[in-house]
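In what follows, a structure is listed as structure tokens, so that the remarks can point back to it.
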Amino acid sequence: MAFESLKRTPSSSLEEYALHEEKRRLFLKKYGLGFLFLGPYLFFFIVFFLYPLFKGAIISFYHYNIADPTDIFFRGFQNFQKILFSSNSTYFQSFWNGMKNTVIAVLILVPFSVVLPLLLAALVNVKPFGNKFFRAVLYLPSIFPITATAVIFLNMFNNNYGFLSALFGNNINWLLDAKYNWILIIVFCLWSGIGGNFLIFLAALQNVDPMLKEASSIDGCGPTKRFIYITLPQIKPQLILCFFTATIGYMNLYGQNYMLGSFVSDKKQIATAVYVIQDLMMGTDFQVYGMVSAMAISLGFFIMLISIAQLVATKERKGGSHHEREYLLAKRQG
Amino acid sequence: MNGNTFWRKDRAKILSFTILSIVSFFVLFPIIWAFVNSLRDAEDIFYYPGSFFPTSPSKWTFQNYIDVFQDGTYPVGRWVLNSLIVSLVSTLLYLLIASLAAYAFVFLKLRFANKLFYFLIATMTIPGIVVMVPQFTQMVSLGLNKNLWGLILPGLGGVYGLFLIRSFFLSIPFDLVESARMDGASDIRIFTHIVVPLGKSILLVQGLFGFLGAWNDLQWAQLVVGQSSADMWTLAVGLAKVTEGNQTYSKLGLQLACTIIAMLPILILYCLVQDRIVEGVAMTGIKR
Amino acid sequence: MNKVKALLLLASITALTACGGGEPPVTSSQGGVPSVSSFVDESNDDVIRDTNGNIIFNNIKLKMWSVCTNPDGAYQDEIVTKFNQAYQGQINIETYHESRYSIFSNLAKTVTQDPDNAPDLFYGYGERIGALVSNKLFVPQDIYLEQANIGFDKSYFEPLLVNNCYIGSQLYGLPISVDSAMTYARKDILTKNGLPIPTTYDELMTTCDALVEKADAGELWVRGNDTPNVAPGNVYTWRKYNPEIEGQYYPFPVSPGDMWVNAYIGESAVSQNGGSITGSDGMPSFNNSGAEKGLQLLRDWLLPTATSKNKHALSKIDLNYDAGVTEFYSGCCAFYFAGAWDGYGNTAKIDSMYTAEGGSADNLAIMNPAKLFALDASQSSANTIFGDSHAISIVRTCKSRTERIAAAIFSNYLAENCGGVWTKAGHLPASLIVQQSSELYLNNEFFDKYVRYYGTTDQYRTMPVSIYYDYIIEGFQTALKKAMISSYKDTPVSTLLTQSYDDTMNRIKDLQDL
């Protein structure tokens, strides 16, 4: 740490004094600066997010009636027990059914959500004719709110008059049949969702040092090898970020399957975890609010486990940027 | 460099053009459909839903767009203004505080930095439903649901943007900062003169994302300002009210017009900004 | 940072070990019927009276939330404007409309977290009053009607509708109107082909079979809008339906994805065969034989069997939504379901299509659901129409007594004035006085054009009071949807109903144990 280098045995009281002053100044500088830079953000984070989060978490330990304040009493871990452990409770069954659907959706969606935009960004980065047009078009679906685009898709896949439906033949019922509905949901999620990652990768790819690419191609690297060994490591932070946020985002999948699955007869087949939670809140059964909070926290717990696993798995491979720095240094000196 | 590389470059460009054109077609198709049908007589859509284009030239009309304004019953202009204020203020404020915080995480050697950052990420994993009602209560008790601040302030604690900006600051070489420090520059100066210019592209990206998020936000906005008078609504809330009803898929023309109206400002913003986003930064290494 | 973590940990441990709130209430064995303690008027007694004893209203501003979105919302606002004009300077009502999908949770949140912004009046569904009252959201109407010197006499209202607004001995909502879904028929096509307008289920099946047989034989006369499969013509030209190019003829398309099937037709089919969805104890009751008959009937509609009344399928199976609209106007079907609120649009459309040929009077027939789903038309239950009722209630956040009385006055005004523009959307007034008055109701243009066919309120049935309304209706609708799609065609209807019933009972039990 910064202070270690200052630990010298003082040979006189003046030096001692100077040493202490130095330490104090540096201390203030370090932590004062930290306060200045981090302070504003942390203020908003703690006051407007952490505090309500804490309150919301407390609610999960209560039977909490959102309409009738006299109908609130402490339940301890009962809500969690019902959700996580009591197999004959409808809360258990719907939660785990939702989790199952969610995890399957995430396993399919997340890889595509990272690979597809990356490939598209790489293609656009080649700067073919009209690349500005492509840049705009590929981002365009993300601009629309999904409530609007879902209605468009519903219309195009209606089996009576939607023309996309006619293309695929009359036997496939996209809106009624759960397995086709899931395909529709996945296609819709990718269509409307990859714009953001596309843009991030586009910006990231631009930041890749062109000298490195030139250098490696002189050394005889083909384009694919160049991509894997030079480009990818350079954009590693963005890859991790997109992977991470896509996972969290799709673990919270709700709006898309709520809208596209409106006509499925057995909602259990398209229900994700957040769908189950939102569904509980929709009617006039106001006393389930504590259970709603508990379910959301349980979901959050599982998302956290998955995220930790991801972070640990992606932390180890630091090789890329290391090699790159060594290479640069060596080049400059040589 | 020889002819081989050039040929390869051209081939790459042709290949990428082809693939991108095909992909763009599929991506654009629903949007073109939405645009065309928003200019189509609502009854025509209702009675001939299977037709892509209006069934006859006379069925092209701006009536759907006119209906949104409903002869002045709805203050649509006010909604646009509210959305603009909320989106701009929250985006700019957030960019400022999040980039400062990201700088702190990356370039100030703070002992607790990593642990704090992991804590922040951990809170990202909790679904938003947990905070929704307590945040609403907080807004009410602070009196912030009487004005647009209730829409701006809660978003300033968001972690995603911070995560994004930090990831880009990580790729700025630390040596640049170190050498500037050794030259005697204060951290503020390094921030404004080195880091922000270098990280311009990601700040624009986050700016766009933040603006978009605030512009399209429906659930939170409805909760906070939805029950107030129509003057307080944002564009997303207002347009949702316009199309609310029994069977919204039968009101397709109106809904599509609303969608296009909501989307246009962002499209314009994006077109203006996209060049700078991908301009990128030529990493020239350390100047000696 | 560590301090924050430590604080959090400490606080959570405290919360876990602390005792909060009160004891869980003793579970009542009343099933789904809400029980409320007798009402204690806690409102602020700020009533000022003039020398004659009448109450003075000095610029009272009230806010009403309404579940009616457009177009009904606009009609409602017309009535409110008239009230505001009549009571200028005294009482002013401001309306706010939101759809039923979010309005209830917003109501709860606003009443508890933001009471200053909470509404004073709530215009909603009679079926949901039970749940809202048991959560103490409303205060009674009759008390304040009395104090307003209007009084309340329940004999002025349709008995079933007003009875459902009573929780305990107090009236918690003033019934305003009731509505359902209707069958719209191409009178011109039926007449041209020599078929009568059906009035019972048997007649409907016979007519539909006849239509299909004529179409299969190439002898069915139809006319209407252009369709993609037929060379362009116009709405006046009669043609013979050609199944080879136009596809199989279906006289009466129906889809379980459509709201009117889920909310009105399915339930009508059940009630007309002697079944019920909710029992008088407020608990689900749809695992009875009447429900079985109703769902089987709807399944036979799509998949006729050897024992079903209809020999041919009346509708393509697995239609997604908006079933029948295009076909109805192109002549490719003869009947279709739509909401009562579509009466205005449909009559206007047919009027414009066949202006020269008698318009809607000669070319459009409207039938209400009564007897159309009854296997035995002679039963008393056959002559019933299942519908949704509307009622207006006073919300507990209305703190001043003067305001509550003003709210009661407005509620009464609404009940008395729903015979005019309100019927445009197909709502039948709950007030018997209004119903019987030519001036207030019978002479209005909408009644003349289409509302007269919507039946009378004594035929209407709504769900009995239940605090589990949400779960029960969802459970029933799941069984209904499954009965009408092909994926479950091999599962007997009784099994579907029993599964749904068991599911619903489990959910209710878990809610009670919460």
Aspartates and glutamates whose Cα lies under 20 Å from that of A:LYS127, excluding same-chain neighbours fewer than 8 positions away: A:ASP209, A:GLU214, B:ASP10, B:ASP275, B:GLU279
Among C:340-350, C:434-444, the order from most to least packed when residues are scored by Cβ within 10 Å on average: C:340-350, C:434-444
Over the whole of C:99-112, what's the average partner chain Cβ count within 10 Å per residue? Rounded to a whole number, please. 6
Which of rounded, prolate, oblate describes the range C:29-144, given a ≥ b ≥ c as roots of the alpha-carbon gyration tensor eigenvalues and a/c under 1.5 marking rounded, otherwise prolate only if a/b is larger than b/c? oblate
If each part is reduced to its alpha-carbon centroid, the range C:171-210 and the range A:124-150 end up apart, in Å, by 50
Overall dimensions of the range B:3-69 by Cα: Rg and Dmax, Å: 19.8, 61
Expected sort for B:47-53, B:87-93 on mean C-beta neighbours within 10 Å, highest first, is B:87-93, B:47-53
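First check a/c for the range A:42-87, with a ≥ b ≥ c the square roots of the eigenvalues of its C-alpha gyration tensor; if it is under 1.5, answer rounded, and if not, answer prolate when a/b is larger than b/c or oblate otherwise. Write out the running numbers ahead of the final one.
Working: a/c = 3.60, a/b = 1.58, b/c = 2.29.
Oblate, since a/c reaches 1.5 and b/c is not below a/b.
If you take all C-alpha pairs in the range A:78-333, what percent of them are over 25 Å apart?
Tail of the P(r) past 25 Å holds 56 percent of the pairs.
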What distance in nm separates the two pseudo spin-label positions at A:PHE85 and C:SER155, each 7 Å out from Cα along the beta-carbon direction? 6.2
Column: log10 I(q)/I(0), Debye, Cα scatterers of chain C, q = 0.07, 0.09, 0.11, 0.13 Å⁻¹: -0.45, -0.71, -0.99, -1.25
Unsatisfied cross-links (Cα-Cα over 32 Å) in the set A:LYS236/B:LYS241; A:LYS55/C:LYS482; B:LYS241/C:LYS371; B:LYS115/B:LYS200: A:LYS236/B:LYS241; A:LYS55/C:LYS482; B:LYS241/C:LYS371
What FRET efficiency comes out for A:LEU19 versus B:ILE188 if R0 is 35 angstrom and r is the Cβ-Cβ distance? Round to the nearest 0.05. 0.85
Using a Förster distance of 41 Å, the FRET efficiency for A:LEU28-A:GLN310 (Cβ separation, nearest 0.05): 0.60
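Applying 1/(1 + (r/R0)^6) with R0 = 60 Å to the Cβ-Cβ distance of B:LYS9 and C:VAL47, what FRET efficiency is obtained, to the nearest 0.05?
Taking R0 as 60 Å, the efficiency between B:LYS9 and C:VAL47 is 0.10.
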Shielding of C:71-83 by partner chains, average beta-carbon count, 10 Å: 1
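For the range B:20-113, what is the Kirkwood estimate of the hydrodynamic radius, computed as the reciprocal of the mean inverse distance between distinct Cα atoms, to one decimal in Å? Don't jump to the answer; show the numbers that get you there.
Working: mean 1/r = 0.0554 Å⁻¹.
Computed over the range B:20-113, the radius equals 18.0 Å.
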For the protein assembly as shown, what does -39500 (n - 2.57) per DSSP helix run (n ≥ 4), summed and divided by total residues, give at 222 nm, in deg cm²/dmol to the nearest 500? -17000 deg cm²/dmol
Report the label-to-label distance for B:LYS109 and A:LYS100 in nanometres (one decimal), using points 7 Å from each Cα along the Cα→Cβ vector. 5.3
Distance histogram for the range B:138-217 (every C-alpha pair counted, 5 angstrom bins, percent rounded to whole numbers): 3, 12, 18, 17, 14, 12, 10, 8, 5, 2, 0
Site C:SER494, offset 7 angstrom along Cα→Cβ, radius 11 Å on amide nitrogen, limited to the range C:292-323, gives C:292-293
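Sorting check: for A:195-201, B:38-44, C:86-92, which peptide has the highest mean count of neighbouring beta carbons within 10 Å, and how do the rest follow?
Listed from highest to lowest mean packing, they are A:195-201, B:38-44, C:86-92.
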Two-site label geometry, C:ASP448 and C:GLN512: point separation in nm, points 7 Å out along Cα→Cβ: 5.5
Where Rh denotes the Kirkwood radius from the mean inverse Cα pair distance, what is Rg over Rh for the range C:379-468? 1.05
Cut-off 10 Å between beta-carbons: net charge of the residues surrounding A:SER216, Lys and Arg +1, Asp and Glu -1: +1
Hull volume per residue for the range C:104-155, using the convex hull of the C-alpha atoms, in Å³ is 102
The range C:413-455: Kirkwood hydrodynamic radius (Cα pairs, Å) comes out at 9.9
What number, in nm² with one decimal, is the all-direction average of the projected area of the convex hull of the alpha-carbon atoms of chain B? 22.2
Find the centroid of the Cα atoms in the range C:93-157 and in the range C:343-412, then give the distance between the two in whole Å. 21
Using Stokes-Einstein with the Kirkwood hydrodynamic radius over Cα pairs, what translational diffusion coefficient do you get for the range C:140-230 at 4 °C and a viscosity of 1.567 mPa s, in µm²/s rounded to a whole number? 72
Partners for B:LYS109 among lysines (Cα-Cα distance below 16 Å; same-chain residues under 8 apart left out): A:LYS23, A:LYS29, A:LYS30
Using θ = phi - 60° and the Karplus form 6.51 cos²θ - 1.76 cosθ + 1.60, what ³J(HN,Hα) does each residue of the range B:196-210 get, whole Hz, x for Gly and Pro? 5, x, 5, x, 3, 5, 6, 5, 5, 4, 5, x, 5, 4, x
Shielding of B:196-207 by partners, i.e. mean partner chain Cβ atoms within 10 Å per residue? 2
List the residues, sorted by chain then number, that are 5 or more residues from C:ILE91 or on another chain and whose placed amide H is less than 5 Å from its amide H. C:ILE60
With bins 10 Å wide starting at 0, give me the P(r) of the protein assembly as shown over every alpha carbon pair, in whole percents. 2, 9, 17, 21, 19, 15, 9, 5, 2, 1, 0, 0, 0
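Using DSSP to define loop residues, name the chymotrypsin sites (Phe, Trp or Tyr not before Pro) in the range B:83-116 whose beta-carbon has at most 16 other beta-carbon atoms within 10 Å.
Details: sites: B:TYR94, B:TYR103, B:PHE105, B:PHE107, B:PHE112; in loops: B:PHE112.
Loop-located and lightly packed - B:PHE112.
No value in this document is a laboratory result; all are computed from the given coordinates. These numbers were taken from a predicted model, which means no experiment stands behind them. Cβ atoms come from the backbone with ideal geometry, glycine included; neighbour counts cover every protein chain shown.
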